[in-house]
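*Asks:* Structure in structure tokens, see below.
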Amino acid sequence: MIALENINRCFEVGEQTVQALNDINLEIDAGEYISVMGPSGSGKSTLLNIISLMDQPTSGRYFLNGEDVTRLQDQQLAQVRNKNIGFIFQSFHLIPRMTAAENIELPMMLAGIPVKQRKSRVKQALSQVGLSERAKHLSNQLSGGQRQRVAIARATIMQPAILLADEPTGNLDSHSGREIVQLLEQLQQQGVTLIIITHDADLGQRAQRQLHMADGRLVEQ
Amino acid sequence: MIVSDLFLLALKTIFAQPFRATLIIIAMTIGISSVSILTALGESARSFVVGEFQALGTNLLIMMPGRSETVGGQPPVLGETPRDLTLDDAKAIAQIPLLKAIAPITIGSAPVSTAGLEREATIMGSSAALREVRHLDLARGQFIPTMDFDKAAPVCVIGQTIKEELFANRQSLGEWLRINDRRYRVIGVLGNTGQSVGVGFDEIVIIPIASAQMLFNNYSLFRILAEAKSQQAMYQASEQIRKIIKLRHEGEDDITIITQDSVVQTFNDILLSLTLAVTGIAGISLVVAGVLIMNVMLVSVTQRTAEIGLLKALGAGRRQILALFLTEAAMLSLTGAVLGILTGQAALHLLELIYPDFTFILPLWAQLAALLIAVVTALVFGVMPAYKAAALDPITALNRH
Ligand SMILES: Nc1ncnc2c1ncn2[C@@H]1O[C@H](COP(=O)(O)OP(=O)(O)O)[C@@H](O)[C@H]1O
Ligand SMILES: [Mg+2]
């Protein structure tokens, strides 16, 4: 489902060139559960950003469901992102002036889904993440764990095949972190491809396939 | 994205930053209200002046001696003066069947007195037809009687001011009025003509044309006024008048004929361009509003960078971000425009209270134009910030705090 071929990603920082990804080759099948580990600065986030189509490789090719997505234009990329990929951030990134329900609704708004359908799907998503009572709460009225659950509901509301999480428990206490991981794994068991970046070795061990990164290279084990 | 969602999202952002929104709305309000007030003033002035000229009479032809030089051609040879217009010319012109009424006019100034009261007054010599041609009302008595142009008669018709000043509380009809050293019997008093273009009929004394020529010992005419039977007849009569004058003036049609509609048209054009010029100057305030919108939106883009990044991550393309920002700018300035029009209307009503004689109209086209201009301003000045937002890289945007 995901195939990366000779992916390089370089950043120009002043005079210097930082090679964040160095000749990455990777194939991921539908429904896999993958953890990405490695020291800080090894290129984990960059890899995920490329997979999520938020970033473009400097060179190399990326096939998503057989389609070469490195050739797509901005508007098409946005659509693929909207329909196929759910992204979960370490710092939640909820829009503070919107309620939990409105935040979850956002991707459907961007996709142009009719209001009626949106409302029922939001309701369902809220109950799935156990926040039915919090629909009208603003993000500053929610705990970190609750915020991340809203973010997960938002990431999955378009029923994407791929769920990407960049240190989703990094800002949470261990209890809420565990809950979040359970929620993500539950989704994976329903058939979603799950890729999690983590610093937590225990968490990483839970994945069927573990990727290790160092200096922009993949060290599969 | 559904259009209503676009408006909803824009509305939410607007309410989240009330200070910013207020600033933009106020700037737009000031811009649009000043434009609409000045347009209304110009328009009202135009319709007032045009109305005044139309009130002069209908299908009016004004003839004066000498050719207007605007036609071009050779300037008159040194020493040559245009031939005078005479009563005989007027009589000849009066034969044209297309004309309904014709009034020759001489003008002079002389002291008028009665019972020890004296003042200087404008003396107009004319004929009975003047009343019809100039749509004059009589308050009392009768107008100059219909008679031959060459026949003098010691009668006069006086304006309101003359009546009030010389015959304060007295009956004026039938009394003698002395002009220079001649006496004229007052046979009529003009109605209140109010402000009228050209001559103030309130301060005038009208006597038969022949009497005036004798009084001033001047046998050339100041003007000949004629009313044509229709607008079509007016143009045809103008041609015929030229022919007649040419015959009578040794092959020279040395006469200027102004048709009333051309005067109206000229003033209309002048005042319209004046209105547009003034409106254009007021338009500068709209540009100022536009620049303000641009700046405020740029700040907003910077403040909302992370949010824009998130929207992109969730599947918003450039086009959607662009649309979001432009919708926001358009909504804000449209609100400002509506408020501006309302403010303008209120100001005009206030002016009407202060100057009840005037009607201030803000024409519908101007209101619609104001709305359109506001939106266009918002879009033009909003495009740059919106583009900046749309071009943001999602990763960099998201990681900025
Ligand atoms: N936008 C950027 N500009 C410049 N350098 C960057 C940028 N993003 C990442 N990098 C560099 O790329 C390398 C990999 O970063 P990242 O993928 O964030 O690592 P990780 O997530 O594993 O900590 C680092 O050296 C980092 O400094
Ligand atoms: Mg990282």
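The values are calculated or read from the model by the stated rules, or taken from the named source; none is laboratory data. Owing to the predicted nature of the structure, the values given are computational and were not obtained by experimental measurement. Here Cβ is always computed from backbone atoms with ideal geometry, including for glycine, and neighbour counts include all displayed protein chains. Calculation scope for accessible area: heavy atoms of the full protein, side chains included, ligands and nucleic acids excluded. Shrake-Rupley method; radii C 1.70, N 1.55, O 1.52, S 1.80 Å.
*Asks:* Assigning unit charges at the beta carbon (Lys, Arg +1; Asp, Glu -1) and nothing else, what dipole magnitude in debye, to the nearest 20, does chain B show about its Cα centre?
*Replies:* Values: 30 positive and 33 negative charges, 224 e Å.
So the dipole magnitude of chain B works out to roughly 1080 debye.
*Asks:* Around B:V112, which amide H atoms from residues at least 5 apart in sequence, or from another chain, sit under 5 Å from its own amide H, with H modelled in the peptide plane?
*Replies:* For B:V112, the qualifying residues are B:R119, B:E120, B:A121.
*Asks:* Quick one: helix A:144-156 against the long Cα principal axis of chain A, what's the angle to the nearest 10°, folded into 0 to 90?
*Replies:* 80 degrees
*Asks:* What number comes out for accessible area per residue over chain B if the probe is 1.4 Å? Units Å², please.
*Replies:* Working: 19240 Å² over 401 residues.
Per residue, chain B has 48 Å² of solvent-accessible surface.
*Asks:* Set the Förster distance to 35 Å, then compute FRET efficiency between B:F267 and B:K246 from the Cβ-Cβ distance, nearest 0.05. Please list the in-between numbers first.
*Replies:* Numbers: r = 30 Å, r/R0 = 0.84.
Working from the Cβ atoms, E equals 0.75.
*Asks:* For segment A:42-71 and segment B:269-292, what is the centre-to-centre distance using only Cα atoms, to the nearest Å?
*Replies:* Result: 53 Å between the Cα centres.
*Asks:* Rounded to the nearest 100 Å², what's the accessible area chains A and B bury against each other, both chains counted, probe 1.4 Å?
*Replies:* Working: alone 11140 and 20410 Å², together 29230 Å².
What A and B bury together is about 2300 Å².
*Asks:* Find the all-direction average of the projected area of the Cα convex hull for chain A, expressing the result in square nanometres with one decimal place. Could the numbers behind the result be given before it?
*Replies:* Details: hull surface 49.9 nm².
With every direction weighted equally, the projected area is 12.5 nm².
*Asks:* Output the pairs from A:K83/A:K116; B:K100/B:K163; B:K91/B:K246; A:K83/A:K123 with a Cα-Cα distance over 21 Å in this structure; if there are none, say none.
*Replies:* Working: A:K83/A:K116 19 Å; B:K100/B:K163 31 Å; B:K91/B:K246 15 Å; A:K83/A:K123 19 Å.
Violating the 21 Å limit, Cα to Cα: B:K100/B:K163.
*Asks:* Also, quick follow-up: Using the Cα centre of the protein assembly as shown as the reference point, and only Cβ charges (+1 on K/R, -1 on D/E), how large is the resulting charge dipole? Debye, rounded to the nearest 20.
*Replies:* Details: 51 positive and 56 negative charges, 269 e Å.
Here the protein assembly as shown has a charge dipole of around 1300 debye.
*Asks:* Could I ask something else about it? Measure off, as a whole percent, the carbon and sulfur share of the 1.4 Å-probe accessible area of segment B:349-401, all protein chains present.
*Replies:* Details: 2460 of 3360 Å².
Reported share for carbon and sulfur atoms: 73 percent.
*Asks:* OK, next. At 4 °C and 1.567 mPa s, what whole-number value in µm²/s does Stokes-Einstein give for the translational diffusion of the protein assembly as shown, with Rh from the Kirkwood sum over Cα pairs? The partial results should precede the final answer.
*Replies:* Numbers: Rh = 32.1 Å.
Translational diffusion coefficient: 40 µm²/s.
*Asks:* Here is a follow-up. Suppose only helical runs count, i.e. DSSP H with n ≥ 4. What mean residue ellipticity at 222 nm does that imply for the protein assembly as shown under -39500 (n - 2.57) per run, divided by all residues and rounded to the nearest 500 deg cm²/dmol? All intermediate terms of the calculation are to be shown ahead of the outcome.
*Replies:* Numbers: 19 runs with 300 residues, N = 622.
The helix-only estimate for the protein assembly as shown comes to -16000 deg cm²/dmol at 222 nm.
*Asks:* I'd like the accessible area for B:E252: 1.4 Å probe, protein heavy atoms, all chains in place, Å² to the nearest 10.
*Replies:* Looks like 70 Å² after rounding.
*Asks:* I'd like the accessible area for B:F149: 1.4 Å probe, protein heavy atoms, all chains in place, Å² to the nearest 10.
*Replies:* We get 30 Å² for B:F149.
*Asks:* Identify the trypsin sites (Lys or Arg not before Pro) of segment B:91-156 meeting these criteria: DSSP loop state and at most 13 other C-beta atoms within 10 Å of the C-beta.
*Replies:* B:K151
*Asks:* A follow-up question, please. What residue among B:Q232, B:Q95, B:Q171 has the largest mean-square fluctuation in a Gaussian network model of chain B, using Cα springs under 10 Å?
*Replies:* In this elastic network of chain B, the residue with the biggest mean-square fluctuation among B:Q232, B:Q95, B:Q171 is B:Q171.
*Asks:* Counting alpha carbon pairs within less than 8 Å and at least 6 residues apart, what relative contact order, in whole percent, applies to chain B?
*Replies:* On the way: 693 pairs, mean separation 118.0, N = 401.
Computed over chain B, the figure is 29 percent.
*Asks:* In the protein assembly as shown, if the dipole is taken from +1 on Lys/Arg beta carbons and -1 on Asp/Glu beta carbons about the Cα centre, which of A:V18, B:A226, B:L324 is farthest to the positive end?
*Replies:* Checking the options against the dipole of the protein assembly as shown, the answer is B:L324.
*Asks:* How do B:W176, B:W365 rank by accessible surface area computed with a 1.4 Å probe, from largest to smallest? Don't skip to the end; give the middle numbers.
*Replies:* Values: B:W176 85, B:W365 135 Å².
So, going from the largest accessible area down, we get B:W365, B:W176.
*Asks:* At 1.4 Å probe size, put B:E164, B:E352 in order of accessible surface, largest to smallest. All intermediate terms of the calculation are to be shown ahead of the outcome.
*Replies:* Working: B:E164 110, B:E352 55 Å².
So, going from the largest accessible area down, we get B:E164, B:E352.
*Asks:* Then there's this: Can you give the charge dipole size of segment B:100-226 about its Cα centre, rounded to the nearest 20 debye, using +1 on the beta carbon of Lys and Arg and -1 on the beta carbon of Asp and Glu? Provide the component values of the computation, followed by the final result.
*Replies:* Numbers: 13 positive and 12 negative charges, 48 e Å.
In debye, rounded to 20, segment B:100-226 gives about 240.
*Asks:* Would you kindly derive the ³J(HN,Hα) couplings of segment A:175-192 from the backbone phi angles with the Karplus curve 6.51 cos²θ - 1.76 cosθ + 1.60 (θ = phi - 60°), listing them in order in whole Hz, with x for Gly and Pro?
*Replies:* 5, 5, x, 4, 4, 5, 4, 4, 4, 5, 5, 4, 5, 4, 5, 7, x, 7
*Asks:* While we're looking at this one, here's another question. Just the number, please: percent antiparallel of the DSSP beta bridges in the protein assembly as shown, rounded to the nearest 5.
*Replies:* Values: 56 of 82 bridges.
So the antiparallel bridges amount to about 70 percent of the total.
*Asks:* Hydropathy first: keep DSSP H helices in chain B averaging at least 0.5 on Kyte-Doolittle, then drop any whose Cα extent along the axis falls short of 18 Å, and list what survives. It would help to have the intermediate numbers written out before the result.
*Replies:* Numbers: long enough: B:3-16 (20 Å, 1.73); B:18-55 (53 Å, 1.10); B:231-248 (26 Å, -0.76); B:260-303 (63 Å, 1.43); B:318-354 (53 Å, 1.21); B:364-390 (37 Å, 1.74).
Helices passing the filter in chain B: B:3-16, B:18-55, B:260-303, B:318-354, B:364-390.
*Asks:* Given H placed 1.01 Å from N in the peptide plane, which residues other than close sequence neighbours of B:L190 have an amide H under 5 Å from its amide H?
*Replies:* B:A139, B:I158, B:G159, B:Q160
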